[in-house]
Amino acid sequence: MIWERTVPILVYHRIGEPAGDHVPTVTPESFERQLVWMAKRHYRVIGLAEVVEKLRRGAPIPPRHLVMTFDDGYEETATIAAPLLRRFEFPATVFVTPNEIGLPGFMTWEQVRAIGHEGIAIGSHTLHHTYLPLASEEAVELELVESKRVLEQELGQTVDWLSYPVGGYTPQAQAVAEAAGYRAACTTNRGVRRRNDDLFALRRIKMTERDQYPLSLWVKLSGYYDLFRRFEHPY
Ligand SMILES: [Zn+2]
C-alpha cells in the first residue's frame, strides 16, 4: 500500500563541522537540536533488533518510533555523536569499515570498542567500503564474511547488522549477507519494493544539515517520507 507508514530508519554520516568534502555532515548544534526535538515530542528511538523482530512477525511499529544509524565510522561518531546519544539514552547502530579504522578522520579500534560497550551496536560496512554491485561474487563474499569475522574478533561481540556502501546491493549480496549470519542489511533510498520490509534491503533516510528546519525533520520522521522521494535501482 502506497500510503503505508514505515518506521523511519535515519542514516547520519559525520556529526561535526563541515569539512568541505562530499561527506554528508550535520553540525553538532543541529544534531543536538534534532535530539531535543525528538525527545520533546516523545519519539522513541529503538534498535534494529526491535524493527527486525516486528517485521518478521508482521507486527506494526507504532508512530513516533525511529531508528538511528551512522555510516563510515568517522572519528566524530565517538567524540561528538556518542556522548550526545548517551545523554538522551538513544540507542544507535554504527557501521564501520575495518580497513578504514584508525585512518585519519576515522575512529580507532579503541574508540569503536568503547562506543560498542555503551549501548551502540557495531555493524559492518564491508571490509574496504566496496561498492558491491561492481564486485565479483568472490569479492562480495570476502567483503561481507571477512568484515564480520574481523569485527567480531576485535570487539568480542556478535555483529548482526550490515550496511551496503553507497546503498548498492544485488540479490547475490543479499543472499551472502543472510548466509553469513547477518540479521538484516541496510541500504539508502534504493529498492524495488514499495513496502520497507525486505530485511536485507532496509531503506534509510539520509540526514543532512537541512534537517535543522523543523518541517524537514517532521516530514522525515513522519513515516511517510517514502512518498516524497525517488527510489533508485539497487545496482
Ligand atoms: Zn559509506
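The values are calculated or read from the model by the stated rules, or taken from the named source; none is laboratory data. Everything numeric here is computed off the predicted structure, so don't read it as measured data. Cβ sites come from the backbone with ideal geometry, for glycine too, and all protein chains shown count toward neighbours.
Brief remarks follow.
- Hits in segment 94-115 - residues which are of a type in the set (A, V, I, L, M, F, W, C), touching a residue at least 12 places away in the same chain (Cβ under 8 Å) and within 16 Å of the ligand (Cβ to nearest atom): V94, F95, V96, I101, F106, M107, V112
- Here N189 meets each of (1) at negative phi; (2) away from the ligand (no atom under 15 Å from the Cβ); (3) surrounded by fewer than 17 Cβ atoms within 10 Å (Cβ to Cβ) with one exception, condition (2).
- Meets criteria (touching a Pro at 6+ places or on another chain (Cβ under 9 Å) and surrounded by fewer than 20 Cβ atoms within 10 Å (Cβ to Cβ)) for R41: no
- Number of the exception - G181 against (1) in contact (Cβ under 8 Å) with a residue 60 or more places away in the chain; (2) away from the ligand (no atom under 16 Å from the Cβ); (3) of a type in the set (G, A, S): (1)
- Given (1) away from the ligand (no atom under 16 Å from the Cβ); (2) closer than 12 Å to T126 by Cβ; (3) in contact with a strand residue (DSSP E or B) (Cβ under 8 Å, 6 or more places away or on another chain), index of the condition L151 fails: (1)
- Some residue of segment 145-162 being surrounded by 18 or more Cβ atoms within 10 Å (Cβ to Cβ), free of Cβ contacts under 8 Å to residues at least 12 places away in the same chain and farther than 21 Å from H13 by Cβ: no
- Filter result for I61 (modelled with pLDDT under 95 and touching a helix residue (DSSP H, G or I) at 6+ places or on another chain (Cβ under 6 Å)): yes
- Test: residue in segment 123-133 that is surrounded by fewer than 22 Cβ atoms within 10 Å (Cβ to Cβ), on the phi < 0 side of the Ramachandran plot and hydroxyl-bearing (S, T, Y): yes
- Qualifying residue in segment 136-145 (condition: at pLDDT 95 or above and within 15 Å of the ligand (Cβ to nearest atom)): yes
- Exclusive hit being under 24 Å from R203 (Cβ atoms) and assigned to a helix (DSSP H, G or I), set L151, L127, L142: L151
- A single member of V159, V176 is assigned to a helix (DSSP H, G or I) and of a type in the set (V, I, T), and it is V176.
- Scanning segment 52-93 for residues that are free of Cβ contacts under 8 Å to residues at least 60 places away in the same chain and among the aromatic types (F, W, Y) yields F70, F88, F90.
- Residues that are basic (K, R) and assigned to a helix (DSSP H, G or I) were ranked within segment 60-92; the one that is surrounded by the fewest Cβ atoms within 10 Å (Cβ to Cβ) is R87.
- Positions within segment 220-229 being within 16 Å of M68 (Cα to Cα), modelled with pLDDT under 90 and touching an Asp or Glu at 6+ places or on another chain (Cβ under 9 Å), in sequence order: G223
- Count of segment 10-40 residues which are outside any helix (DSSP H, G or I), of a type in the set (D, E, K, R) and at pLDDT 95 or above: 1
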